[in-house]
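Have a look at the structure below before the remarks.
The values are calculated or read from the model by the stated rules, or taken from the named source; none is laboratory data. Note that this is a predicted model, so its numbers are computed, not measured. Cβ sites come from the backbone with ideal geometry, for glycine too, and all protein chains shown count toward neighbours.
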Amino acid sequence: MNTPARCWPPFHRIGWLVPDHTYWNHNSAYHKWLVRIAAEHAGGVLDVGCGEGLLAQRLAPVARSVTAIDRDPAAIERARARLDSVPNVTVSETSFEAFDPGPQRFGVITFVATLHHMDLRASLTKARDLLAPHGTLAVVGLAPNHTLGDWIAAGLRLPLVRAAGVLHRETRDIGVAVAEPRETLSEIRRTAAQILPGVSIRRGLYYRYLLRWSNV
């Protein structure tokens, strides 16, 4: 009896291996928000922790230039494959801590599900210092449920989140490094307020917080 050939990885997970593939998950759901912010500036954008490059690809049409950085060699390889034909995007393998753009400053700096991989205070301080005058820092971040309010907020979102996942055919695993968030939302609010006066932080639908701050 012949045994059917096994396809690996499964067909429904092959997509993220294709350089120009797009997908939807709880992070990419906020790409439109970030693209709108970048379009308001039409200047240089720094994408911190670019992963496989989908956000940088979407930012490129509305930005003068996009600098996409990530410390993961595998992610950078995929980002370069995706962005090879995009002339205004530069992809660099480096951590944010080691990143040195010289005198260059950025109109927009984005972090999508990456800030919790880093030291919060040091990273927010460096991001603030790398912003051009009137520039915007935009973070799509993760924080663990800690208080009763956190758990209630997460529970109330669950039906809509699951429905959106089905509607958009959610791709949960895109093959990039992940880490559990450490700082609670209260801790993030407190630290951010000390570094970024007037910062706005709100809960997003898809278990993310949205931080926005303008250097004015």
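Structural remarks
- Matching residues, the range 182-194, being surrounded by fewer than 19 Cβ atoms within 10 Å (Cβ to Cβ) and either touching a strand residue (DSSP E or B) at 6+ places or on another chain (Cβ under 9 Å) or not β-branched (Val, Ile, Thr) (or both): 182, 186, 187, 189, 190, 193, 194
- Residue within the range 110-130 that is over 17 Å from the mean Cα position of the chain (by Cα), farther than 12 Å from residue 215 by Cα and in a loop (DSSP other than H, G, I, E, B) present: no
- Of all residues in the range 131-156, exactly one satisfies the criterion of being of a type in the set (S, T, N, Q) and assigned to a strand (DSSP E or B), namely 136.
- Verdict on residue 69 being in a helix (DSSP H, G or I) and either under 22 Å from residue 141 (Cα atoms) or of a type in the set (Ser, Thr, Tyr) (or both): no
- Residue check, residue 85 without any contact (Cβ under 8 Å) to a residue 24 or more places away in the chain and farther than 15 Å from residue 39 by Cα: yes
- Pairing each residue of the range 37-48 that is within 21 Å of residue 123 (Cβ to Cβ) with any residue that is in a helix (DSSP H, G or I), provided the two are 6+ apart or on different chains, yields C-beta distances under 7 Å for 38/59; 38/62; 45/38; 45/59; 46/130; 47/55; 47/56; 47/59.
- When restricted to residues that are within 11 Å of the chain's Cα centre (by Cα) and farther than 22 Å from residue 126 by Cα, the range 54-82 contains 1.
- Residue pairs meeting the criteria (Cβ under 6 Å; at least 6 apart or on separate chains; first modelled with pLDDT under 80, in the range 139-157; second surrounded by fewer than 16 Cβ atoms within 10 Å (Cβ to Cβ) and part of a loop (DSSP other than H, G, I, E, B)): 146/184; 157/205
- Qualifying positions in the range 182-216 - of a type outside the set (Val, Ile, Thr), farther than 21 Å from residue 30 by Cβ and not in a loop (DSSP other than H, G, I, E, B): 186, 187, 190, 193, 194
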